[in-house]
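Structure, as structure tokens:
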Amino acid sequence: MKKFFTIVCAALVLAGCAQKQADSDLTLNFEGRSIDIAPYFKDFPYSLFSVSKDGSKLMFFKTGDHQTLQWTDINKGADLRNAADVVNYDFAKRNCWSPMYNETDSMVYWIGDEQNEEIINIYRTRPGSNNVEKLTDVPYIYAWNFNPEGTKIAYVSRMGQNENRLDELHVIDLKTMSDSLICEDTPDFRYTWGSICWQPEGKGLMLLGLKDMDRTYTNVLYIDLATKNTTVLTDPSKEGSLSGCIVLDEWVNPDQVWFISDQDGYNNLYSFTLSTGKVEQVTQYKMNLDNACFVNIDGKKYVFALQSNPIRTNMILIDPETKEVLFEQPSDLSLTLGGVKGNEVTMVAGGTTTLFQVIRASVTLQNAKLEVIMDTPKDLQDKLVHSTVERLEIPTFDIDSVTGKQRILHAYLFKPVNPLPADKSLLMVESFYGGENRYSSEYQILNQAGIYVLSASPRGSAGFGRDFAAMNDHDLGGNETIDMIYVSRYVADKLGIPASRVGVFGMSHGGYETMRLMTFPGEVNGHKASFPFGFGIETAGFCDIIWQHHHSNIPDWTALEAGDPATDSLKLVDRSPITYADKITGPLLLIHGDHDNRVDIGGSQFMADKLEELGKPYKFVKFPGLGHGIKGTQNNYKFYSECFDFIEKQVLDKQQ
């Protein structure tokens, strides 16, 4: 399973290690080259774009001296630099997830916290007022959404962190501000992350539930608000992933709703008829559907869906009455559904070398006519793209049971336009969460510094179906690790870069994987592999799996990915990087925020202590006040200054 968390970070920016800086403090020297990172801060410091439900507003985060939530009207040629702050809050110091504009009361709502501690509640503000109202007071909110009229909010609150917890479904009346407990979940089906969809007449709610607390058995539920009865719409006996089950934002009509499930192995559309209780599978694709919405063409509703993998995206139109697919239209860009008005769908677009676009699709029965409404100016694009990108297909160690041939892994190689000299050439490998068709300022500034970046999709990655994403379930540090050894060796050989100048980096699960790769004992699951990584940079990772399970606010993730500490303790100890710290192949930079409740700072501290005891080269950098991620200009500046300084002193200088 790919997703450990949603990284709530603004555009990450690299900084060099030189002591002398230009007046802007944003131009630095690395290996004799001047790297101007000002465009990333001043010209395009934007990230995490979202579109309002009606397609009229664009919200995003801007990183400067503070991290602010901004918004602007979506108009032809609109300039992000003219956007306004939603509220005068520094979101480097607190979390803000899933901001949504409610057209009914003209207010912006979000779930978040106040000190990066992930005590997640619902907040709202009237943009420009700087008055923020906290609407809930619970330990954590999993899911939430407005009713169609925008007058109520349904939300799921997690009331504890262990398997014995009870979760609650509530409804807030935004007119009276009364908060009503609807029902509690049961051990058979625990509520979980995801969205909520209201039946149009307010009769019930759609949401997700985990059978027996197992993320591999995610189900779609319908809860009748009058009787409080729960109907399980998917087959509880079949596997379904948390990322592969999606409730749409709207019903076809008061009697029928569509949803997405991957119980057949891929994200496909299903229909549920309320009056009969009938559930029917509508599509049978072998490529995941990401999401879907309803467009209105000549007074009739049609389903407009996006289908993608890390290589391409398809736009699909389906007649909900006949279930006929009316067209499939490809795009090289990565598209994300935004708002809908009539037959117009507003989407956010990007790609490996495309920063940002807002595209409006005018949908007919024959095709989708695309118009770029907002774009990155070419001169800015040139400043922020410093690579060419090559898509690779890399063989790994085992046989694919579907094809009967050697398994092939997808990867992108980001090649710097101006690489370092051959005797100093560097390759940095993202240990997990790679292979996506998206722009990364992190990759581009590494490229600007002359460093090659490998972004691969090992087993466990999203985008290639449920079974591929689940291949590392209960196998954390197992075959996914061998995949990364194979792709790293393949690309190092392709580029002619010695292992001593190949580094591995990653955050959270990727931080764990970084330490696992650098301390890998040489064999797992009966398979042998080795690659002596020259250095590593881990952020917010963990080195002891059992300790992580007992000190995280999402212990069910550890149980799914690694196993149950009560029954699998020997395996979890063996897969923990700290167990083989004496085998570390090179210097390690460890970075962690001290307010991280998802991966406690002890996950890095223990490895630092062990390396100190062993006399191995390392550096441990703590970020006061930060949670799970690096946010804010100065924090990012410090973060990447540490990274480049580490590379020069611990890798390049020592090879001279």
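Only the coordinates and a few stated rules stand behind these numbers; no lab work does. Note that the structure is a prediction, hence the values are computed from the model and not measured. Every residue, glycine as well, gets a Cβ built from its backbone with ideal geometry; the counts of neighbours run over all protein chains shown.
Loop-located GluC sites (Glu not before Pro) across segment 71-179 with a Cβ neighbour count of 16 or fewer within 10 Å are E103, E114, E117, E149, E163, with loop assigned by DSSP. Highest mean packing first, where packing is the average number of other Cβ atoms within 10 Å per residue, the peptides 202-209, 320-327, 62-69 line up as 202-209, 62-69, 320-327. Note: relative contact order over segment 42-179, using C-alpha pairs below 8 Å and six or more positions apart, is 12 percent. When you filter the GluC sites (Glu not before Pro) in segment 189-264 for DSSP loop state and at most 12 other Cβ atoms inside 10 Å of their Cβ, you are left with E201. Spin-label model, N130 to S237: label points 7 Å out along the Cα-to-beta-carbon direction sit 6.2 nm apart.
Our estimate of slack between T322 and E103, defined as 0.36 nm per intervening residue step minus the Cα-Cα distance, is 75.6 nm.
Loop-located trypsin sites (Lys or Arg not before Pro) in segment 396-425 (DSSP state not H, G, I, E or B) with no more than 13 neighbouring Cβ atoms inside 10 Å: K405.
Straightening the chain between K76 and S195 buys 39.8 nm, computed as 0.36 nm per residue apart minus the Cα-Cα spacing.
For segment 520-653, what class follows from the C-alpha gyration tensor (a ≥ b ≥ c being the square roots of its eigenvalues): rounded when a/c is under 1.5, otherwise prolate if a/b is larger than b/c, else oblate? Oblate shape, in that a/c is at least 1.5 and b/c is the bigger or equal ratio. Using 0.36 nm per residue and subtracting the Cα-Cα separation, the extra length available between D65 and D467 on full extension is 140.4 nm. Taking a ≥ b ≥ c as the square roots of the eigenvalues of the alpha-carbon gyration tensor, segment 162-259 is classed oblate because a/c is 1.5 or more while a/b is no larger than b/c.
The simple Förster model, with R0 at 30 Å and r as the Cβ-Cβ distance, assigns A226 and D137 a FRET efficiency of 0.65.
What order do you get for 624-636, 75-87 when each peptide is scored by the mean count of other beta carbon atoms within 10 Å, highest first?
624-636, 75-87
Each residue, K649 and E393, gets one label point 7 Å from its Cα in the Cβ direction; the gap between the two is 4.5 nm. Placing pseudo-labels 7 Å out from each Cα toward the beta carbon at N296 and D214 gives an inter-label distance of 4.4 nm.
Relative contact order of segment 333-445, taken over Cα pairs closer than 8 Å and 6 or more residues apart, is 23 percent.
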